[in-house]
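J.: Can you keep this structure in mind? I'll have questions shortly.
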Amino acid sequence: MTREVVWDHGVSLPEHRLWLDPLVVRSFAFISHAHTDHARRHKEALLTPQTLALIPEARRPRGWRMLGFGEPMRRGPASLTLYSAGHMLGSAQLRFEHDGTSLLYTGDIKLRQPGGRAATHVPKAHVLVVESTYGRPHFRFGDPDSTVESIARWCRRALDSHVTPVLLCHALGKTEEVMLALAPYGFEFALESRCVPCAHAYASAGSPLPEWIELNGDMAPGRVVIAPPAGKDEVRRLGRYRTALVSGWAKDAEFARLFGADATFDLSDHCDFDELMEVVERTGADQVYTVHGYTEDFARHLRKKGVRASALEATEQLALAL
């Protein structure tokens, strides 16, 4: 039986009245994680308990169905199962199955975590809808543990020189990743004000971060400061400091130059190009659709490798057996 999968301000399975990370409010939608570009105030949303806890109340869906990882849920004749996506706390992939055919939607995904944490599981599916934020071959990141060691050495050198190290990264999700990765090195942390609500949200979600204080101009030296790029005004009051951009975009020289950072580290909460290729291989999908980021580039590269692939956002409607 043929069912339509369309791009309609987000991935949509209209005959099942289901949208996946839509950009506009819908009657029923899957929210893969708590970042603002994915979470909307839908009439009803499917999401993990951790994702719900991380979404500020003013932006939460009006109704919700919480689902843990690996717990199948029936929606009409279809089965929906969530799997960890490794992107941030609560982030989830969704596997949709109907009439013996399956579709996997990755949302934002990361396979390998620093600190020896387990790699993200990618389930099998006939059809894959995969993010392609870093879908160009030059986005190949270093080993996460080696990158964390480099960040730690950089921070230690700054502190030993009586200079405050400032790590620039996204407030929600990346703050958690950086703090947890650096905590074993014995650093003390200070958070710029935009990171503070995120730290409180993590605590309320049952995953408190390592001990921290809020950054202020009177802070004594000796702490690693974590701030979003937009928080540099507060950072300037520190006196002697150095900044480092912690992002996969460190691989893009022009993008990194915009931030004027003293150093860059390619620790990302997304898959790099090789990991995206690995996601495709692991699913065994015979049809791949790319969304978000370098969609056309990644789809074109997959086609060169013999994979049926196209950019979903560039296609008005696709008929798939679902």
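The values are calculated or read from the model by the stated rules, or taken from the named source; none is laboratory data. The shown structure was predicted, so the numbers you read here are calculated from the model rather than taken from an experiment. All Cβ positions, even for glycine, are placed from backbone atoms using ideal geometry, and neighbour counts span all protein chains on display.
J.: Could you pull out the residue among 125, 152, 118, 158 that is of a type in the set (Gly, Ala, Ser), more than 28 Å from residue 53 (Cα to Cα) and assigned by TED's automatic domain parsing to the domain that holds residue 11?
T.: Values: 152 fails: assigned by TED's automatic domain parsing to the domain that holds residue 11; 118 fails: more than 28 Å from residue 53 (Cα to Cα); 158 fails: assigned by TED's automatic domain parsing to the domain that holds residue 11.
None of the others qualify; the one that does is 125.
J.: Within region 54-65, identify whether any single residue is closer than 18 Å to residue 125 by Cβ and assigned by TED's automatic domain parsing to the domain that holds residue 13, and answer yes or no. Break it down stepwise before answering.
T.: Here is the first cut: in region 54-65, the ones closer than 18 Å to residue 125 by Cβ are none.
Among the residues of region 54-65, not one is closer than 18 Å to residue 125 by Cβ and assigned by TED's automatic domain parsing to the domain that holds residue 13, which makes the answer no.
Quick grid of which residues meet (1) among the basic types (Lys, Arg); (2) surrounded by 18 or more Cβ atoms within 10 Å (Cβ to Cβ); (3) out of contact with any Gly (no Cβ under 6 Å at 6 or more places or on another chain):
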{"site": "47", "(1), (2), (3)": "no, yes, yes"}
{"site": "94", "(1), (2), (3)": "no, yes, yes"}
{"site": "103", "(1), (2), (3)": "no, yes, yes"}
{"site": "107", "(1), (2), (3)": "no, yes, yes"}
{"site": "133", "(1), (2), (3)": "no, yes, no"}
{"site": "137", "(1), (2), (3)": "no, no, yes"}
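J.: Which of the residues that make up region 113-143 are assigned to a strand (DSSP E or B) and either modelled with pLDDT under 95 or among the β-branched types (Val, Ile, Thr) (or both)? Even if it seems obvious, please write down each step before you answer.
T.: Taking region 113-143 first, the residues assigned to a strand (DSSP E or B) are 127-132.
Residues satisfying the conditions are 127, 129, 130.
J.: With the condition kept exactly as written, say whether any residue in region 72-83 is outside the structural domain of residue 173 (by TED's automatic domain parsing) and without any contact (Cβ under 8 Å) to a residue 12 or more places away in the chain. Walk me through it before giving the result.
T.: Start the filter on region 72-83 by keeping residues that are outside the structural domain of residue 173 (by TED's automatic domain parsing), which leaves 72-83.
Add one more test, that the residue is without any contact (Cβ under 8 Å) to a residue 12 or more places away in the chain, and what stays is 72, 74.
Scanning region 72-83, I find at least one residue that is outside the structural domain of residue 173 (by TED's automatic domain parsing) and without any contact (Cβ under 8 Å) to a residue 12 or more places away in the chain, so the answer is yes.
Residue by residue, here is whether (1) surrounded by 20 or more Cβ atoms within 10 Å (Cβ to Cβ); (2) modelled with pLDDT of 95 or more; (3) under 30 Å from residue 165 (Cβ atoms); (4) not assigned by TED's automatic domain parsing to the domain that holds residue 133 holds:
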{"position": "239", "(1), (2), (3), (4)": "no, no, yes, yes"}
{"position": "251", "(1), (2), (3), (4)": "yes, no, yes, yes"}
{"position": "254", "(1), (2), (3), (4)": "no, no, yes, yes"}
{"position": "278", "(1), (2), (3), (4)": "no, yes, no, no"}
{"position": "301", "(1), (2), (3), (4)": "yes, yes, no, no"}
{"position": "304", "(1), (2), (3), (4)": "no, yes, no, no"}
{"position": "310", "(1), (2), (3), (4)": "no, no, no, no"}
{"position": "313", "(1), (2), (3), (4)": "no, no, no, no"}
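J.: Checking the condition crowded, with 22+ Cβ neighbours inside 10 Å, part of a helix (DSSP H, G or I) and at pLDDT 95 or above, which residue from 166, 178, 225 passes? First the steps, then the outcome.
T.: On the way: 166 fails: part of a helix (DSSP H, G or I); 225 fails: part of a helix (DSSP H, G or I).
Selected residue: 178, the only one of 166, 178, 225 that is crowded, with 22+ Cβ neighbours inside 10 Å, part of a helix (DSSP H, G or I) and at pLDDT 95 or above.
J.: I want to confirm something. Restricting to region 1-17 and keeping residues that are modelled with pLDDT under 90 and either among the hydrophobic types (A, V, I, L, M, F, W, C) or within 16 Å of the chain's Cα centre (by Cα) (or both), which single residue is surrounded by the fewest Cβ atoms within 10 Å (Cβ to Cβ)?
T.: Across region 1-17, the extreme among qualifying residues is 1.
J.: Can you name every residue in region 280-299 that is in a helix (DSSP H, G or I) and either among the polar types (S, T, N, Q) or not assigned by TED's automatic domain parsing to the domain that holds residue 107 (or both)? Spell out the reasoning first.
T.: Here is the first cut: in region 280-299, the residues in a helix (DSSP H, G or I) are 280-283, 295-299.
Correct list: 283, 295.
J.: Spot the failing condition for residue 198; the list is (1) out of contact with any Phe, Trp or Tyr (no Cβ under 8 Å at 6 or more places or on another chain); (2) modelled with pLDDT under 95; (3) outside any helix (DSSP H, G or I), and only one is missed.
T.: Condition not satisfied by residue 198: (3).
J.: Can I ask one more? Pairs under 9 Å by beta carbon, first residue touching a residue at least 12 places away in the same chain (Cβ under 8 Å) in region 204-217, partner among the acidic types (Asp, Glu) and exposed (fewer than 15 other Cβ atoms within 10 Å of the Cβ), six or more apart or different chains?
T.: That search, which allows pairs on different chains as well, returns 210/188; 211/188; 212/188; 213/188.
J.: Give 67, 52, 111 a once-over and let me know the one that is in contact with a Leu (Cβ under 6 Å, 6 or more places away or on another chain), surrounded by fewer than 21 Cβ atoms within 10 Å (Cβ to Cβ) and either within 28 Å of residue 208 (Cβ to Cβ) or of a type in the set (Ser, Thr, Tyr) (or both). Steps first, answer last, please.
T.: Values: 52 fails: in contact with a Leu (Cβ under 6 Å, 6 or more places away or on another chain); 111 fails: in contact with a Leu (Cβ under 6 Å, 6 or more places away or on another chain).
Of the residues listed, the single one that is in contact with a Leu (Cβ under 6 Å, 6 or more places away or on another chain), surrounded by fewer than 21 Cβ atoms within 10 Å (Cβ to Cβ) and either within 28 Å of residue 208 (Cβ to Cβ) or of a type in the set (Ser, Thr, Tyr) (or both) is 67.
J.: A follow-up question, please. Pairs under 6 Å by beta carbon, first residue over 14 Å from residue 216 (Cβ atoms) in region 185-200, partner of a type in the set (Val, Ile, Thr) and at pLDDT below 95, six or more apart or different chains?
T.: 198/175
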